[in-house]
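Have a look at the structure below before the remarks.
The values are calculated or read from the model by the stated rules, or taken from the named source; none is laboratory data. Source: prediction; values computed, not measured. Heads up, the Cβs are rebuilt from the backbone with ideal geometry, glycines too, and the neighbour counts pull from every protein chain shown.
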Amino acid sequence: MIRLHPIPDVHLACPLCQAPLASRGWYMPGMRCLADLACTACNRTFYGDLPSSHGLFFPMLLDPQNGHVHNPHGAQFAWFADWLATGYAARQQGAPDIAVEARRPLRRPLVLNCLDARYGHALLKLLNAEYHVNHDGDFDLLVLVPKCLRWMVPANVAEVWAIDVPLHNGCAWHDGLAKRLHERLQDQSAAWLSLALPHPPPDAVQIESFTHVPPFDFSTWGVVIGQPRLTLIWREERDRYWTGGAPAGIKQALRSQLGRAVRSRDPRAAQTLAFARLCAVLRERLPGADLAVAGLGRAGDAPDGVADLRAETVDAAREQAWCRRYADSHVVIGVHGSNMLLPSAHAGAVVEMVPPASWRNVMQDILLPEPDARRLALRCRLLPVATAPEGVAEVVVDLVSHLALAAINLSREWSTHEAHRPDPYAILRRRQAVGQGRKTGGGAS
Ligand SMILES: [Zn+2]
């Protein structure tokens, strides 16, 4: 954490003359946690990102005179600069609707600001709450969340502000919100700001503290695998459809339904067909499989026998029900993105299709709580988004057939000299127990 109030800790240089900027105060009109800064040489003033969330990686400087955003850390972070410029240009004097829940007094306030224009960013920031609750017991956590994540704020937080700003307007700048926060903290001699790490380590997070849904118990994988539960994660978004690649051969492409859907530029229809084909292949290879499709989208056209849990709107009860299904799933299957955060946090394993532009961001959306690097690689399989349904099915079948034994062989628990020293035959018995469970379960061989 850093000192926020009354004067924040900040070390930034003037973008015009490079002299140090003096910190005069703080301003939090929305997702941005800003320092009020003045140049010690040229006297210009700026708002600068405090080292919190993405401000840790690439702090921007906003000139309030003209709204210009200085981005000293490179053009590839233009989105973070654009959000600041856009929010400031459309700044509003009032405050959004804020539902304040005060659970206990704020004696040493620690502010965790989870507001953002991206669902995934906001959720990942919220996961920082657990660290503070567990490690900073002397502080009283004040959490700012978008209203849609209110249900995930854990117990032991001192105060919750649920802000009614839709995610698509998440970079909005409300002077009224900044004013209310200042009023809330003005009587405090000091307050602190969470670093709100954008990528908290998944194995340090107990997801049930947030969702109240315990994740899949991986230790049971070997004995229940005969009837694997598989959940496909649906997402409808321009660059995140999985259409299973183009069918092989021009003639086939022209003839097939999938080919027609792709050619007709209807990616939703193409995804529906790709999911149907994947379900058909999985059914053929794993006759006992329990299949479902979950996520945001119109329900009704899932293949026969596949539980269609999709919905076009989501609330806490729906999202929690989805989490229960993820936690019940051996494998969740979907396209890279924030839609995979909660599925991967709860499920036993993940098969993820990655669009070309997303390879640089892989693992940002994976919250499998697996601390062992080799087991994490076993439990999380990444494929190009162009992979055909047959190729995806092959990986899923391999997972449910072989992961149990592979995870024993490669685990740190079973691959050190010390582990085997007391009883070199213990691993044999463990493998046999898991293998027996797999056989008696049937269907996944
Ligand atoms: Zn200057």
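Among the residues making up region 186-237, a single one is more than 28 Å from V400 (Cα to Cα) and touching a Gly at 6+ places or on another chain (Cβ under 8 Å): E237.
Suppose the filter is away from the ligand (no atom under 16 Å from the Cβ), modelled with pLDDT of 95 or more and surrounded by 17 or more Cβ atoms within 10 Å (Cβ to Cβ); does G48 pass it? Answer is no for this residue. The residue pairs whose first member lies in region 1-19 and is surrounded by 14 or more Cβ atoms within 10 Å (Cβ to Cβ), whose second member is outside any strand (DSSP E or B) and among the basic types (K, R), and whose beta carbons are closer than 7 Å, counting only pairs six or more residues apart or on different chains, are C14/R44; L16/R44.
Identification of helices (runs of 4 or more DSSP H) wholly contained in region 354-445 with 1 or more residues that are charged (D, E, K, R), touching a Phe, Trp or Tyr at 6+ places or on another chain (Cβ under 7 Å) and surrounded by 16 or more Cβ atoms within 10 Å (Cβ to Cβ) yields no element. Counting only residues that are surrounded by fewer than 17 Cβ atoms within 10 Å (Cβ to Cβ) and out of contact with any Cys (no Cβ under 9 Å at 6 or more places or on another chain), region 79-89 holds 2 of them.
Go through the residues of region 128-138 one by one and say whether even a single one is outside any helix (DSSP H, G or I) and in contact with a strand residue (DSSP E or B) (Cβ under 7 Å, 6 or more places away or on another chain). Scanning region 128-138, I find at least one residue that is outside any helix (DSSP H, G or I) and in contact with a strand residue (DSSP E or B) (Cβ under 7 Å, 6 or more places away or on another chain), so the answer is yes.
Residues of region 265-301 that are under 15 Å from W242 (Cα atoms) and out of contact with any helix residue (DSSP H, G or I) (no Cβ under 7 Å at 6 or more places or on another chain): R265, D266, P267, R268, Q271, T272, F275, A276, C279, L296, G297. For region 51-70, the tally of residues that are more than 17 Å from L4 (Cα to Cα), crowded, with 20+ Cβ neighbours inside 10 Å and more than 12 Å from the ligand (Cβ to nearest atom) stands at 3. For region 99-120, does any single residue satisfy the condition of being away from the ligand (no atom under 16 Å from the Cβ), assigned to a helix (DSSP H, G or I) and either surrounded by fewer than 20 Cβ atoms within 10 Å (Cβ to Cβ) or within 19 Å of the chain's Cα centre (by Cα) (or both)? Yes, region 99-120 contains a residue that is away from the ligand (no atom under 16 Å from the Cβ), assigned to a helix (DSSP H, G or I) and either surrounded by fewer than 20 Cβ atoms within 10 Å (Cβ to Cβ) or within 19 Å of the chain's Cα centre (by Cα) (or both).
Filtered by the rule that a residue be of a type in the set (V, I, T), buried (at least 21 other Cβ atoms within 10 Å of the Cβ) and at pLDDT 95 or above, region 266-305 gives a lone residue, V293. Summed over region 199-242, the residues that are over 27 Å from A129 (Cα atoms) and either basic (K, R) or not assigned by TED's automatic domain parsing to the domain that holds S338 (or both) give a count of 4. Against the definition (in contact with a Gly (Cβ under 7 Å, 6 or more places away or on another chain), hydroxyl-bearing (S, T, Y), more than 16 Å from the ligand (Cβ to nearest atom) and at pLDDT 95 or above), how does Y88 come out, yes or no? Yes, satisfied.
Among the residues of region 1-45, the one identified as within 16 Å of the ligand (Cβ to nearest atom) and touching an Asp or Glu at 6+ places or on another chain (Cβ under 6 Å) is R24.
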